[in-house]
């Protein structure tokens, strides 16, 4: 690649910004054998008493209903300091060597703004106790880099209280990062997951991959797995991650596990059921978009997409159940075209049509990956593709063109 240095330089640059090169192996889910705290015991006793008295289980120990708890946590979330990285740009510098010149960015550390605060909030019953907790993803600066932490709040004794926190992404947009696709997901309302690809291609050639998952048990976070890889060629490495594959299967990430095992693609895909996006952070480089040539000073700007506003699907269940003709009633040819390509987009299909490329990149659940074919699709998805193709033939014309095979 033009202006590319050897991979050792790429690794060294990441090391200088605080990234390790080691791989953290997948870990089995820990079984808790600790004694339940007195507070947890009292909550269980209150729940049992409510059952015995035939009370509505919407009531919790403090005498606050689940609905009231949700409302109070919502109010608390609205007053948190908000951090929006959208439209921030990384600054490039020109470096001259004995043999050639190249461009280099210091990442978030090199911009004059000092972003900090809450990137997003989400209410779920993460610990399965029947009452929702508030999760925030917070950006914080360290001496070396920027990190993203998951912070869990519970409503106790009439106020929102921080119950636990954990760093889930150690290095965000460090020096030498030219583009990025970073997503934070919730699986089945329980697992908090990270899928981060941070690429360099201007001054070196490679990618830094972080895959991780955590769960909250009511008092603290536990790491399910954490994989860190750095390099430019992962061919044949998927089958080496047997513990990761087993862990993904245990969490219901069957299709993502298959992509890693069979195709060496380290992503958590929206094709798996029960996946909701909390947040996506994209770093878009002008060289990729054709805005600048390789020998010109590049630019890179950030887009921050919320799962609430950019997480919608045209047909949310097209990956999980066979659709019926009435599910497509009233849809135009253009909507059906998007719905058909949506099945492929869940697996990271990269689109040549500019309108589809823009549309899916603006979805928080989408992550571009290697192009796929029908062999990775389930029987349900294949059946839905045929139904959508047939429906397009008689749907109202709107001038859109085909894309998926």
Requested in this report: Could you please let me know if residue 271 is closer than 22 Å to residue 305 by Cβ and surrounded by 15 or more Cβ atoms within 10 Å (Cβ to Cβ)?
Outcome: yes
Report summary line: Flagged in region 246-288 as closer than 22 Å to residue 168 by Cβ and part of a helix (DSSP H, G or I), in numbering order, are 246, 247, 248, 249, 250, 256, 257, 259, 260
Query raised in the report: What about residue 213, is it assigned to a strand (DSSP E or B) and in contact (Cβ under 8 Å) with a residue 12 or more places away in the chain?
Result: yes
Report task. Check 391, 339 and return the single one that is surrounded by fewer than 22 Cβ atoms within 10 Å (Cβ to Cβ), over 20 Å from the mean Cα position of the chain (by Cα) and farther than 20 Å from residue 197 by Cβ. Result -> 391
Requested in this report: Would you confirm whether any residue within region 113-127 is in a strand (DSSP E or B), crowded, with 20+ Cβ neighbours inside 10 Å, without any contact (Cβ under 8 Å) to a residue 24 or more places away in the chain and in contact with a strand residue (DSSP E or B) (Cβ under 7 Å, 6 or more places away or on another chain)?
Outcome: no
Query raised in the report: Residue check, residue 108 against (1) in contact with a strand residue (DSSP E or B) (Cβ under 8 Å, 6 or more places away or on another chain); (2) more than 29 Å from residue 300 (Cα to Cα), all met but one. Which one?
Result: (2)
Report task. Inspect all residues belonging to region 139-149 and state whether any of them is free of Cβ contacts under 8 Å to residues at least 24 places away in the same chain, under 16 Å from the mean Cα position of the chain (by Cα) and part of a strand (DSSP E or B). Result -> yes
Query raised in the report: Has region 251-268 got any residue that is crowded, with 22+ Cβ neighbours inside 10 Å and more than 23 Å from residue 198 (Cα to Cα)?
Result: yes
Report summary line: With criteria (1) surrounded by 15 or more Cβ atoms within 10 Å (Cβ to Cβ); (2) within 23 Å of residue 387 (Cβ to Cβ); (3) within 20 Å of the chain's Cα centre (by Cα), residue 328 comes up short on (3)
Requested in this report: Working only within region 69-91, note down all residues that are part of a helix (DSSP H, G or I) and either on the phi > 0 side of the Ramachandran plot or without any contact (Cβ under 8 Å) to a residue 24 or more places away in the chain (or both).
Outcome: 71, 75, 78
Report summary line: Per the filter on region 165-193, residues more than 29 Å from residue 87 (Cβ to Cβ) and buried (at least 20 other Cβ atoms within 10 Å of the Cβ) are 187, 191
Query raised in the report: On the given criteria, is residue 282 more than 21 Å from residue 337 (Cα to Cα), modelled with pLDDT of 95 or more and surrounded by fewer than 18 Cβ atoms within 10 Å (Cβ to Cβ)?
Result: no
Query raised in the report: In region 162-177, how many residues are touching a residue at least 24 places away in the same chain (Cβ under 8 Å) and not in a loop (DSSP other than H, G, I, E, B)?
Result: 6
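The values are calculated or read from the model by the stated rules, or taken from the named source; none is laboratory data. Owing to the predicted nature of the structure, the values given are computational and were not obtained by experimental measurement. When we count neighbours, we look across all protein chains shown, and the Cβ atoms used for this are built from the backbone with ideal geometry, even at glycine.
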